Amino acid sequence: MIISIASGKGGTGKTTVATSLASVNPGSVYLDCDVEEPNGHILLHPQFHVEVPTTKSLPEIDYSKCTYCGKCAQVCEFHALINLGSEIFLIEELCHGCGACEYLCPEKAITEKSKTIGIVREGFSVLNNIEFYDGVLNIGEASASPVIKDVKKKIQENKLNIIDSPPGTSCLMVEAVRDSDFCILVTESSPFGLHDLRLAIEVLQILKIPFGVVINKYEKLYTELENYLNEVKINVLMKIPFDKRIAEDYSNGKMPDVFLTVLNEEFKNIIKKIHALVAVDHINTTLH
Amino acid sequence: MKIAITSSGGSMDALVSEQFGRCQYFLIVDSETMKFEAVSNLGEQMQSGAGPKAAELIINKGAEVLLTGHVGDKAEAALKKSDIIIVDGLKGNLKVKDAINSYLAKKS
């Protein structure tokens, strides 16, 4: 089973929820796909034993064959190639490595070269008995998707896989949550939390991924969030109270004590609830 | 000499556009005759890569000088490769013809 943890807004507590879920489920696989700033390792304390580089493809032009026809620049969806007439100028940051230029070059003057853009780290958290993987994008690199794809190659079908997604609703979030059996959206009791949650919900509906919501930093007085969730009939999996001790533990790089004691059962129940929701969703989709 | 300038309209009386990749029009002006060609910028609505695309257009039009407000890093790299002189810092309250005249006056 693959469960991804996403949010619209950043800082709602994705990593807190994801690491807690992993720690109450020994034998699970943790995949930190927030490759621009992976921080699951701070809370799960894995021992890393392997680092594998991730590469992206860039076009390389053989000028002995190039006729400067400009076809490559024309077909580039991302405007990464510019035909200067005496040179084909490549803007590396814009290249997505799709290979269209190579495929359509009439002179067969383009080949692929690869460039290292980050690493995938493999480790094990003895304390929690968790297999741990994360991706680290090199500083200055613009496209993180290839790193996320490489981290997701470590998914193990017959185990519980927990994916920590990047925030937002851009390509990177889509890449991280894609193919999940279920997505947990972590939000907070604030207008910002609600606004960005709605965006994230839209994405998941398009991707047809069943989901539920965890409300972090729960504040009873802020009713708009719950009113909305009731109205559109979205399952609330858990409410985490606003508690200074959680923030203190988290800031010290510790799994919050409250999660391991008072809220421990609730965290364990999340997975049960998800199994039920996935089963219901499966019945609904097969009936329609 | 051909001068490219970013503009908010298709005439010499239009105001200068301070944006390079996302301006409305490029005017390619012949400094000897002051005749010009107005090219509407397709990059205005582009999600990304508008700057480099605009640079490609300027290069293909054979301009030697570019007058504009600000050019981003990626477009600048491409323009410099083609030895195009970039004159930036133009303000959007200036008319295109005045900007060109003042550039030509300073140059001579």
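Rule-based calculations on the coordinates, nothing more; no lab input. The shown structure was predicted, so the numbers you read here are calculated from the model rather than taken from an experiment. When we count neighbours, we look across all protein chains shown, and the Cβ atoms used for this are built from the backbone with ideal geometry, even at glycine.
Report, to two decimal places, the Cα Rg of segment A:99-182 normalised by 2.2 N^0.38 Å (N = number of residues). Don't jump to the answer; show the numbers that get you there.
Numbers: Rg = 16.5 Å, N = 84, 2.2 N^0.38 = 11.8 Å.
So the Cα radius of gyration is 1.39 times the expected 2.2 N^0.38 Å.
With +1 on each Lys and Arg Cβ and -1 on each Asp and Glu Cβ, how big is the dipole of the protein assembly as shown about its Cα centre, in debye rounded to the nearest 20?
Numbers: 40 positive and 51 negative charges, 64 e Å.
Magnitude of the dipole: close to 300 debye.
Taking the Cα centre of each part, how many Å lie between segment A:257-279 and segment A:1-55?
Answer, in whole Å: 17.
Loop-only GluC sites (Glu not before Pro) in segment B:1-101, please: DSSP not H, G, I, E or B, and at most 10 other Cβ atoms within 10 Å.
On the way: sites: B:18, B:32, B:37, B:44, B:56, B:64, B:76; in loops: B:18, B:32, B:64.
Loop-located and lightly packed - B:32.
Pick out, in residue order, every one of the chymotrypsin sites (Phe, Trp or Tyr not before Pro) in segment A:214-288 that is DSSP loop and has at most 15 other C-beta atoms within 10 Å; say none if there are none. If you can, show how the numbers build up before the last one.
Details: sites: A:218, A:222, A:228, A:242, A:250, A:259, A:267; in loops: A:222, A:242.
In loop regions of segment A:214-288 (DSSP not H, G, I, E or B), the sparsely surrounded chymotrypsin sites (Phe, Trp or Tyr not before Pro) are A:242.
Which pairs in the list A:14/A:244; A:149/A:272; A:14/A:268; A:9/A:217; A:71/B:35 are over 19 Å apart, alpha-carbon to alpha-carbon? Intermediate values should be presented prior to the final figure.
Numbers: A:14/A:244 17 Å; A:149/A:272 28 Å; A:14/A:268 16 Å; A:9/A:217 13 Å; A:71/B:35 31 Å.
Long pairs (Cα-Cα over 19 Å): A:149/A:272; A:71/B:35.
Filter the GluC sites (Glu not before Pro) in segment A:98-198 down to the DSSP loop ones having no more than 10 other Cβ atoms within 10 Å, then list what survives.
A:157
What's the FRET efficiency of residue A:138 with residue A:230 using the Cβ-Cβ distance as r and R₀ = 45 Å, to the nearest 0.05?
0.50
Give the span of the protein assembly as shown's Cα atoms along each principal axis, as three whole-Å numbers ordered largest to smallest.
That works out to 81, 52, 49 Å along the principal axes.
Give me the aspartates and glutamates in straight-line cross-link reach of residue A:159: C-alpha distance below 20 Å, same-chain residues under 8 apart excluded.
Candidates past the 8-residue exclusion: A:32, A:122, A:131, A:134, A:150, A:179, A:181.
Under a Cβ-Cβ limit of 4.7 Å, which cysteines in the protein assembly as shown have nobody to pair with?
A:33, A:66, A:69, A:76, A:95, A:98, A:105, A:171, A:183, B:23
Which FRET efficiency value, to the nearest 0.05, do you get for residue B:108 and residue B:24 by plugging their Cβ-Cβ distance into 1/(1 + (r/R0)^6) with R0 = 35 Å?
On the way: r = 30 Å, r/R0 = 0.85.
Efficiency at R0 = 35 Å is approximately 0.75.
Hey, what angle do you get for helix A:264-287 against the long axis of chain A, alpha-carbon based, 0 to 90 degrees rounded to 10?
Approximately 60 degrees, to the nearest ten.
Ranking A:33, A:95, A:69 by Cβ neighbours within 10 Å, fewest first, what do you get?
If I rank by nearby Cβ atoms, fewest first, I get A:69, A:95, A:33.
I need the P(r) histogram for chain B: all alpha carbon pairs, bin width 5 Å from 0 out to the longest distance, whole percents.
The percentages, shortest bin first, are 2, 14, 27, 28, 20, 7, 1, 0.
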